[in-house]
Amino acid sequence: MLLIQDILISDDVVEDQFMCNLSACKGACCWEGDFGAPLEKAELEVLSSIYEQVAPYLSPEGREAIAEQGHYTYYEDNDSFGTPLIDSGPCAYMVYDEQGIAKCGIEQAYLAGKTDFKKPVSCHLYPIRVLGKRKDGFEALNYDRWDICSAACELGRENQMPVYQFVKDAIIRKYGQGFYEELDAAAKHLGQAL
């Protein structure tokens with residue numbers, strides 16, 4: 001376990017390898033699971049404010065689910081907010097590209113220059129999940145192992161891509177450049193010690 005700026009980081013975040021292999025999984029993390037993508041409190045207002053710019057990039061089913069459930073949903077079972085789901089399945093913000101690979105409609109609007117919000121930080125950070133809340137004095141970064149990502153684990157091993165390096169941009173987005181540099185230095189030191 002590493003401790004960087006009061007954030008606990010599990011060893012597997014720096015020791016295990018991961019690199020999304022969308023040609024193998026087709027973006028299954030966007031439609032598998034029991035809950036929508038976890039949302040930070042500040043993201044709730046953002047999703048509402050950018051919806052008109054994002055809506056043209058969503059599927060009719062996604063727009064319908066959002067019209068019925070709202071821009072975000074409260075999931076009582078895990079006491080958190082997340083993206084709404086289409087019929088308890090795919091994320092309402094999910095769309096498919098021409099190859100049948102799931103993409104984020106929010107990110108498609110971002111790439112088209114319609115919004116400056118890329119996508120929920122939990123999606124950007126995946127396969128890292130943030131546990132706890134900093135205001136409660138506890139926040140930890142853990143590697144979320146999921147069998148649908150087995151091809152990503154293989155590709156990560158082939159390319160020697162540690163989990164934390166794969167999500168470098170997302171870590172910098174959430175915690176800042178300094179945090180990432182400290183994490184990288186600690187990971188490299190840990191690697192030399194093994």
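The values are calculated or read from the model by the stated rules, or taken from the named source; none is laboratory data. Just so it is clear, the model here is predicted, and its values are computed rather than measured. Note: ideal-geometry Cβ built from the backbone for every residue, glycine included; neighbour counts use all protein chains shown.
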Which one of these is outside the structural domain of Ala55 (by TED's automatic domain parsing) and either closer than 23 Å to Leu85 by Cβ or touching a strand residue (DSSP E or B) at 6+ places or on another chain (Cβ under 9 Å) (or both): Arg145, Arg173? Arg145
May I ask you to say which residue of Ala102, Ala140 is of a type in the set (Gly, Ala, Ser) and outside the structural domain of Glu40 (by TED's automatic domain parsing)? Ala140
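Of everything in segment 71-120, what is of a type in the set (Gly, Ala, Ser) and more than 18 Å from the chain's Cα centre (by Cα)? Give them in sequence order. Give the derivation first.
First, the residues of segment 71-120 that are of a type in the set (Gly, Ala, Ser): 80, 82, 88-89, 92, 100, 102, 105, 109, 112-113.
Within segment 71-120, Ser88, Gly100, Ala112, Gly113 qualify.
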Matching residues, segment 30-73, being exposed (fewer than 14 other Cβ atoms within 10 Å of the Cβ) and basic (Lys, Arg): Lys41
Among (1) in the same structural domain as Gln53 (by TED's automatic domain parsing); (2) in a helix (DSSP H, G or I); (3) not small (Gly, Ala, Ser), Phe179 falls short only on (1)
Quick check: anything in segment 76-84 out of contact with any Asp or Glu (no Cβ under 9 Å at 6 or more places or on another chain), surrounded by 14 or more Cβ atoms within 10 Å (Cβ to Cβ) and modelled with pLDDT of 95 or more? yes
Taking segment 160-187 as the region of interest, how many residues are more than 15 Å from the chain's Cα centre (by Cα) and either surrounded by 12 or more Cβ atoms within 10 Å (Cβ to Cβ) or aliphatic (A, V, I, L, M) (or both)? 12
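Test of understanding: among Cys91, Cys149, which residue is touching a Cys at 6+ places or on another chain (Cβ under 9 Å) and at pLDDT 95 or above?
Unique residue meeting the criteria: Cys91.
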